[in-house]
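Asks: Quick one: structure below, then a few questions.
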Amino acid sequence: MLRVLLSAQASAARLSGLLLLPPVQPCCLGPSKWGDRPPGGGLHAGPVQGLQRLLEQARSPGELLRWLGQNPTKVRAHHYPVALRRLGQLLGSQPRPPPVEQATLQDLSQLIIRNCPSFDIHTIHVCLHLAVLLGFPSDGPLMCALEQERRFRLPPKPPPTLQPGLRSGQRLEAALSCPRFLRRPQQHLIRSLAEARPEELTPHVMVLLAQHLARHRLREPQLLEAIAHFLVVQEAQLSSKVVQKLVLPFGRLNYLPLEQQFMPCLERILAREAGVAPLATVNILMSLCQLRCLPFRALHFVFSPSFINHVSGTPHALIVRRYLSLLDTAVELELPGYRGPRLPRRQQVPIFPQPLITDRARCKYSHKDIVAEGLRQLLGEEKYRQDLTVPPGYCTDFLLCVSSSGAVLPVRTQDPFLPYPPRSCPQGQAASQPTTHDPAQRVVLMLRERWHFCRDGRVLLGSRALRERHLGLLGYQLLPLPFEELESQRGLPQLKSYLRQKLQALGLRWGPEGG
């Protein structure tokens, strides 16, 4: 009946991954949410709650069935989700789960089918969700009965056109929508989903998948290519508000897909919908900016006076101006061939005026404090600046001013900022090889923490790579401090020795001999 449930060789990891719902708490099982009120005492009536405890403590599928079948007067609607969830726990709690009798599963299904007409819509949804994750066939009697009851309770609407493979999308949607799954990424399950053809999935499912990859920094090429192909195939049916979510993981994970129609497709969508959803348009361009794939035609539109005036009166005006400021910086530094309109100076705002949210949230795991103490003891407080925001709005971890001879200078005696736009190129031209007339050089020590990378630990996230790229084009000399090297230092003395070697490798001098 069920390939997953009847297989004695199924691994414990796979079985435990089938059920992702948190335990059903008795306090959640009120009559207004789960169906009938227990007679003679409400929610906390002894026999009803006693049966729930028996179901939660059942030691075998057969025992589950006995408790449900032998107590028909005590069984309420909410007991069936409890039984389904306990079934999944029993199958996932043993290293080698025993085979389940097909008759047991059929009898359990028949009990649910017989009583589901009395379920409320919430109980039906929960049973559907659990049955999908347990592996009940989508065309089997249990799923068909629950789905029929679900449709019966919904307002009438035109039936959607379902493709033959949509059932795999429903299974994927159920897994990705589960709160526990979103909190705990499971790469083995994500990889298995790549087998489904993207043409058979819905935009909602693909958005859930894209958000999951972006949130957990999972740079899975096979899945990212599937999202790119889905975007190309479904181009005509997708709005820019959906496209911004599908494109998000590509920029965040610094991954340019191999799909040849990816960029032409996005350019057509931007041309079609740029005036309809301004924030979505700018979000798409932000992702493309991280990939260094900005289309000139879209830039012409978002830098036009009409677009800027339109977004200025919207609730998201500040975030749009910040994104437009970053796009303008990318044009200045990376697009020498662009000759279109630019963001007016009066409209520009600092891009990232403070450390990014992820750094603030993980500050207790950061190496910044110990590196700051190492630099203080090594150089002295007056010879570096921490968390300094430099034009056009990038926050630096540590900044040093260095003379032409390599001596580290007191920061208070120097202007720590390099000019923006770079003096080597006029407004509107790229600074691919910036120069400065200032003899003092600026060295930026860049912490590369573990969460600055994709989950594989080898590729910088798009926002980090963009910041380093732009700081380099502005003329700052970058000194990366990778997390692997920082984590290998045992205590402050080793860290000071490590920093000394790093700085000396750049030819820097300090102390009495350095001036």
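Asks: Once ligands and nucleic acids are excluded and a 1.4 Å probe is used, how much of Ser497 is accessible, expressed in Å² to the nearest 10?
Replies: Near enough 40 Å² of accessible area.
Asks: How do Trp451, Trp67 rank by accessible surface area computed with a 1.4 Å probe, from largest to smallest?
Replies: If we order Trp451, Trp67 from most to least accessible, we get Trp67, Trp451.
Asks: Sort 403-411, 79-87 by the packing proxy (mean of other Cβ within 10 Å over each peptide's residues), most packed first. Kindly include the intermediate steps, with their values, before the conclusion.
Replies: Working: 403-411: 15.9, 79-87: 24.1.
Order by mean packing, descending: 79-87, 403-411.
Asks: How many percent of all Cα-Cα pairs in the range 54-153 sit more than 17 Å apart?
Replies: Percentage above 17 Å: 48.
Asks: Using a 1.4 Å probe and ignoring any ligands, DNA or RNA, find the accessible area of His129 and quote it in Å² to the nearest 10.
Replies: His129 has an accessible surface of roughly 40 Å² with all protein chains in place.
Asks: Another question about this same structure. Cβ neighbours within 10 Å, averaged per peptide: list 479-490, 387-398, 321-332 in order, most packed at the top.
Replies: Final packing ranking: 321-332, 387-398, 479-490.
Asks: State, as an integer percentage, the relative contact order of the range 54-153 based on alpha-carbon contacts under 8 Å between residues 6 or more apart.
Replies: 28
Asks: Under 14 Å from the Cβ of Phe307, count the other residues' Cβ atoms, weight Lys and Arg +1, Asp and Glu -1, and hand me the total.
Replies: Working: positive: Arg297, Arg321, Arg342; negative: Glu273, Asp328.
Taking every Cβ under 14 Å from that of Phe307, the sum is +1.
Asks: Hey, if you drop one equal point scatterer on each alpha-carbon of the range 178-347 and run the Debye formula without solvent, what base-10 log of I(q)/I(0) do you get at q = 0.09, 0.11, 0.18, 0.20 Å⁻¹?
Replies: Each listed q maps to, in turn, -0.32, -0.47, -1.12, -1.30.
Asks: Further, regarding this structure: For the range 54-153, what is the accessible area per residue in Å², given a 1.4 Å probe and the full set of protein chains?
Replies: Details: 4610 Å² over 100 residues.
I get 46 Å² per residue for this part.
Asks: Of Thr413, Thr202, Thr281, Thr73, which has the most accessible area with a 1.4 Å probe, and how do the rest follow in descending order?
Replies: My answer, sorted largest first, is Thr73, Thr413, Thr202, Thr281.
The values are calculated or read from the model by the stated rules, or taken from the named source; none is laboratory data. Note that the structure is a prediction, hence the values are computed from the model and not measured. Reconstructed Cβ throughout: ideal geometry from the backbone, glycine too, with neighbour counts over all protein chains shown. We work out accessible area using only protein heavy atoms, side chains counted, and drop any ligands, DNA or RNA first. Shrake-Rupley method; radii C 1.70, N 1.55, O 1.52, S 1.80 Å.
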